[in-house]
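Note sheet for the following structure.
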There are 2 protein chains.
Amino acid sequence: MFRIFSIFGKEFNFEAMARTKEFNEDQALDKAIEIFWHKGYNGTSAQDLVTHLGLSRSSLYDTFGDKQKLFVKSLQRYQQQNEESLKLLFENAENIKTALTEIFKQAVVESLQDRITKGCFMVNSAVELAMHDPEIGKIVHDNQKAVEEVFYQAIKKGQEYGQISDKQEARSLARFIFNNYSGIRVLARAGERDKQVYDDILKSIFALF
Amino acid sequence: MFRIFSIFGKEFNFEAMARTKEFNEDQALDKAIEIFWHKGYNGTSAQDLVTHLGLSRSSLYDTFGDKQKLFVKSLQRYQQQNEESLKLLFENAENIKTALTEIFKQAVVESLQDRITKGCFMVNSAVELAMHDPEIGKIVHDNQKAVEEVFYQAIKKGQEYGQISDKQEARSLARFIFNNYSGIRVLARAGERDKQVYDDILKSIFALF
DNA sequence: ATAATAACGGAACGATCGTTCCGTTATTAT
DNA sequence: ATAATAACGGAACGATCGTTCCGTTATTAT
C-alpha cells in the first residue's frame, strides 16, 4: 500500500491507489452463511461459493484466504448476530418467562416455514465439524457457554422478579433450556413439519417454569 | 449361478461354485457404522472405507453397490440395533422411571468416556443428510416415530403403574424425552466433557416426572 | 483334474475438489 | 496522461474423489 523512497536524504512518501472491491464483504459473508448453513462445510464446494456469493475465485481467495477461513468467519458472524439478538430480546422483555416462550415459539415458526430446512447453523457445525476442527470446536463451545450465560442471567432475573419458579436452580434451567433448543433445531433440520410435535415439546418444557 | 444345458432333449442342470467371501458382511457393516458415525458421510472417503473395513475396492463395490447404499445399510443396521436394545431395556425394567433415568445416565457416561466423540449416528445423519437425501430423510423420520412410540408406550405403562406422574400427557412427555435425548447427543458431539452440565440437564428433565 | 465363476488386489478412469496463477481492468494520487 | 496496484475473470494446477475395469486367485460341483 505504501512505498517510501529515500533519495538524496529526502523522503518521498508515495501511495498508489488501486481498483476498489465491487462487493461488500459483510454481504458476501451473509451469503456464505446461507450456503454453509444449508449445505454444511463438506457439502459446499468452491464452485458453490463462487456461484452463490457472485464473486470470482480470485476475489474469494484474495478476500477470505481459503474455504476454512471463510467458514470460520461466517460462523463467527452468525454467532455474534445470534447472541446479540438474544440479549436484546431479554433486555427489552417485560416478562422473562414470556420472553423464553417467545424464543421457542419463534424457533417453531422458523422450523415450520423454512422451505429448505436449515435448522441452526451452530448446531449443524457442532455436529459436522466441532471434533475435527479445533478452531470451530472452540467457536461452538464458546457459543454454548455464552448462550447458556444469557439464559442464566435472564432466568435468575426472572426468578428474582417472581416471574419464574425458583424450585429449580437457574444454572440448571439455563442448561436445560439450551439443550431443548438444540433438540428442536435438530428436529427442524430432520424435516419435522408437524406443529403438534413441537407444541408437545414446548408444553412439557414450560410445565417446569 | 445356474446354467441349464439341453442336449438331445436331455437337460443338464449345471451349477458352478466360486470363491467364498473372506469377510463377514455384518462385521464389515459394523465397521462402516463406526467410520461413518465418526466422520460423517461427506467426511468419509472411499479410501477411508477400504482402509477401515479392510476390504478391496472391488469387494466393497461388489458387495454394497456404492458409497450411498453402504451408508444407508449402515444407518439402517444402527437404527435396528438401537430400537431393539431400547425396547428390551423397557421390557426388562421393573420401574419405568428408573429405566428412563438409566437411559440418560448411560448417554452421559458414553458422552464423557468417548475418546473420539461420536454423539449419535442418527442425529449426525439427520443434521448432515436428512434434507439432501430423501432415502436417509425417511430413515431418520421413521426412527423418530419409532423411538417416540417406544417412549410413549413405556411412559403410558409407567403412568398406569403409578411410577410416573400423569400430570403430563404420555405423548407429550415422549416427544419431550426424545428432544432432550437429541440435545444431549449434540452436546456430546460438540465435545462437552463437564459432567455437571449433563447432570444439570438431567435434573431438570426428571423434575417433570 | 477340469470347468465355472465370484471374490480379490490394485491399477486406472473421468470428474470434481480446493487453490493458484496470470493477463486484464479499474481506480486514484501524482 | 501516467504510474502503481488491488480487484477481477477465468484458465489451469495437482490432488483427491467415487467408481470401474481387468487379470489373478480360490472355491466347489463335476
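The values are calculated or read from the model by the stated rules, or taken from the named source; none is laboratory data. This structure is a prediction, so every number in the text was calculated from the model and none was measured. Here the Cβ positions follow ideal geometry from the backbone for every residue, glycine too, while neighbour counts run over all protein chains shown. Ligands, DNA and RNA are excluded from the accessible area calculation, which covers all protein heavy atoms including side chains. Shrake-Rupley method; radii C 1.70, N 1.55, O 1.52, S 1.80 Å.
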Rounded to the nearest 500 deg cm²/dmol, what is the calculated helix-only ellipticity per residue at 222 nm for chain B, with -39500 (n - 2.57) per DSSP H run of length n ≥ 4? -22500 deg cm²/dmol
Leaving out ligands, DNA and RNA but keeping every protein chain, what accessible area does A:GLU192 have, in Å² rounded to the nearest 10, with a 1.4 Å probe? 10
State, to one decimal in nm and shortest first, how far the label point of A:GLN47 sits from each corresponding label point in the other identical copies (label point: 7 angstrom along Cα-to-Cβ). 2.1
Test item: A:190-197 mean partner chain Cβ contacts at 10 Å: 5
Would you kindly find the accessible area of A:MET122, with a 1.4 Å probe and non-protein molecules such as ligands, DNA and RNA excluded, rounding to the nearest 10 Å²? 10
Does segment B:92-209 come out rounded, prolate or oblate, given a ≥ b ≥ c as the square roots of the eigenvalues of its C-alpha gyration tensor, rounded meaning a/c under 1.5 and, failing that, prolate meaning a/b above b/c? oblate
Quick one: order A:ASP199, A:ASP133 from most to least accessible surface, probe 1.4 Å. A:ASP199, A:ASP133
Work out how far the C-alpha atoms of the protein assembly as shown reach from end to end along every principal axis, then list the three figures in whole Å, largest first. 108, 68, 37
For B:ALA207 and B:HIS141, what does the FRET efficiency come to when R0 = 30 Å and r is the distance between their Cβ atoms, rounded to the nearest 0.05? 0.50
Given label points at 7 Å from Cα along Cα→Cβ, what nm distances, shortest first, separate A:LYS105 from the same residue in every other copy? 3.9
Here the whole-number average of other chain Cβ atoms within 10 Å per Cβ of B:167-176 is 5
Taking trypsin sites (Lys or Arg not before Pro) as candidate sites, keep only those in a DSSP loop with at most 16 other Cβ atoms within 10 Å, then name the longest stretch of chain B containing none of them. B:22-114
How many nanometers, to one decimal and shortest first, lie between the label point of A:ASP194 and those of its other copies, if labels sit 7 Å from Cα toward Cβ? 3.6
Is there a simple number for the mean count of other chain Cβ atoms within 10 Å of the Cβ of residues in A:118-125, and what is it? 3
Beyond 20 Å, how much of the Cα-Cα pair distribution for chain A remains, as a whole percent? 65
Where in chain B are the DSSP H helices whose C-alpha atoms run 24 Å or more along the long axis and whose mean Kyte hydropathy is at least -1.0? B:96-113, B:134-160, B:170-189
